[in-house]
Amino acid sequence: MIDSTTKWPNPVSDLNSPVHNIPVYRADDFRVTCGANQGDAIAPLEDLVADDVYSLIKNATRRRLALSATSKGHFLVADTSQLGTDGATLHLDCALELMTPDGQITDALVLVEIDDTGHIAGVYLLPLAPLLAKMEYSLVAMDRASAHKKFAHIACVSFTRGTHVTLGSGAQKRIEDISIGDKVLTRDDGVQMVRWIGQSTVRATGDLAPIVITAGTLNNTGDLVVSPDHRMFIYQRSDQMGAGQPEVLVKARHLVNGATVYVQQGGFVDYFQILFDAHHIIYAEGIAAESMLVDPRTRPVLPTDILKKLGDVLPGHRRGDSHGLDLQKSLLERPDAIELLRRASMR
């Protein structure tokens, strides 16, 4: 059972933090059907028991939890959230591994909402792949150490193995072959030196499954395979999308149409993050895409030595950057949206 008298820290808000929207289940939606905690809802780490079997309750639905990150990597409920209390602290409690009877593993994260007295006000489950109704999920692993890094990977902009990046010389180099010190061509600031290259291998499911933008879709020379929240830069010669300005950024997940842009589910994927002193627009498979942006949520991906070298607040990494307007998904919900973007991005 959840001990609502447990007190938790109350972090200070970072007013410049972006809002992240994540689809979660309430704790009561995911309950133990067999095991030591039978009948109990998913809970913080201290109350969990390995090998308990969980299932979604009937008609369980995911709701939008909107959060903003603090400068210390904690989170607050944003005023646009469907769940929680505006301004309440959200504690990223632990990471879980859930196994189905046929041996499939699903990763999930547990978030805890804290009230203004420091006590538990709510618990939420963020599965990193879809949970199936009537399926039994055994809790096979749980830990706190990996929770922040797994949560950060969802928000990180990443290229996949084999992606060709344009160097300052004009040559093409695969992302996995780029090294610290290499000079890469940026759209916004000429040639810039690579500070760090990150690499991670994750299950290609749910929010971590890559998006494939097939060759030619946005005038890219080859298939461009990126993480779902990776943003493409597009310059519109005329504002055909109704954005109100020519320079726009479009998330890969918002382009998915099941044909020329699709989700590549299954197995594992190698993701690479490329970091500069500032957040830049670079060229991958011949089209403009963003480099890694460091903010309180994505910072856990960086190794400690890199954080020490670059300082607590990396220079040039600001969410309110000047690269363009984030194009809302609603503006892309038209059958000719991708074709309009392709034409707009032609030189």
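The values are calculated or read from the model by the stated rules, or taken from the named source; none is laboratory data. Values in this document were obtained by computation on a predicted structure and should not be read as measured data. A quick note on method: Cβ atoms are made from the backbone with ideal geometry, for glycine too, and the neighbour counts reach across all protein chains shown. Accessible surface is based on the protein model in full, side chains and every heavy atom, while ligands, DNA and RNA are left aside. Shrake-Rupley method; radii C 1.70, N 1.55, O 1.52, S 1.80 Å.
As a test question: what accessible area, to the nearest 10 Å², does Lys149 have when a 1.4 Å probe is rolled over all protein chains in place?
100
Just report the Cα centroid separation between region 35-66 and region 270-305, whole Å.
Here the answer is 34 Å between Cα centres.
Through the Karplus equation 6.51 cos²θ - 1.76 cosθ + 1.60, θ set to phi - 60°, convert the phi angles of region 40-52 into ³J(HN,Hα) values in whole Hz; use x for Gly and Pro.
Along region 40-52, the couplings run 7, 7, 4, 9, x, 3, 4, 9, 8, 10, 4, 6, 4 Hz.
Suppose all protein chains stay in the model; what accessible area per residue would a 1.4 Å probe give for the chain, in Å²?
Per-residue value: 45 Å².
What full-extension length gain, to one decimal in nm, is calculated for Gln199 and Arg63 as 0.36 nm per residue of separation minus the Cα-Cα distance?
Extra length available between Gln199 and Arg63 comes to 45.9 nm.
Identify the trypsin sites (Lys or Arg not before Pro) of region 18-97 meeting these criteria: DSSP loop state and at most 15 other C-beta atoms within 10 Å of the C-beta.
Lys58, Lys72
Which of rounded, prolate or oblate describes region 94-170 when judged by the alpha-carbon gyration tensor and an a/c cut-off of 1.5?
oblate
Let me spell out the model: positive unit charges on the Cβ of Lys and Arg, negative unit charges on the Cβ of Asp and Glu, origin at the Cα centre of the chain. What dipole size does that give, in debye rounded to 20? Working shown, then result.
On the way: 34 positive and 42 negative charges, 200 e Å.
Once rounded to the nearest 20, the dipole reads 960 debye.
Pull up all non-local amide H partners of Thr186: gap of 5 or more, or a different chain, and H-to-H distance under 5 Å with H placed in the peptide plane.
Val191, Gln192
Work out from phi, with θ = phi - 60° and the Karplus expression 6.51 cos²θ - 1.76 cosθ + 1.60, the ³J(HN,Hα) of each residue of region 257-272, listed in order in whole Hz, and give x for Gly and Pro.
Once θ is set to phi - 60°, the couplings for region 257-272 become 10, x, 10, 7, 10, 8, 8, 9, 8, x, x, 10, 9, 8, 9, 10 Hz.
Which cross-chain or sequence-distant (5 or more) residues have an amide H under 5 Å from the amide H of Cys94, H modelled 1.01 Å from N in plane?
Val110
Just name one of Val140, Ala69, Ala155: the one whose Cα is farthest towards the positive end of the charge dipole of the chain (beta-carbon charges, Lys/Arg +1, Asp/Glu -1).
It is Ala155.
Rounded to a whole number, what % of the accessible area of the chain do carbon and sulfur atoms account for, probe 1.4 Å?
For the chain, the apolar C and S fraction of the accessible surface comes to 49 percent.
Using the Karplus curve 6.51 cos²θ - 1.76 cosθ + 1.60 with θ = phi - 60°, what ³J(HN,Hα) values do you get for each residue of region 184-189, in whole Hz, with x for Gly and Pro?
Ordered by residue, 3J(HN,Hα) equals 10, 6, 10, 6, 8, 8 Hz.
With every protein chain in place, what's the accessible area of Asp115 (1.4 Å probe, Å², nearest 10)?
60
Positive end of the charge dipole of region 81-187 (Lys, Arg +1 and Asp, Glu -1 on Cβ, about the Cα centre): tell me which of Gly168, Thr85, Val112 has its Cα farthest that way.
The residue sitting farthest along the positive end of the dipole is Gly168.
Show the residues, 5+ positions off or on another chain, whose built amide H is closer than 5 Å to the amide H of Asp326.
Result for Asp326 returns Leu249.
So which aspartates and glutamates can Lys58 reach, going by Cα to Cα under 18 Å and dropping same-chain residues fewer than 8 places off?
Asp28, Asp29, Asp40, Glu136
Provide the three semi-axes, in whole Å and in decreasing order, of the ellipsoid equivalent to the chain as defined by the square roots of 5 times the Cα gyration tensor eigenvalues.
36, 22, 20
Simple spin-label model, 7 Å along Cα-to-Cβ: Lys149 to Asp189 in nm?
That separation, rounded to one decimal, is 2.8 nm.
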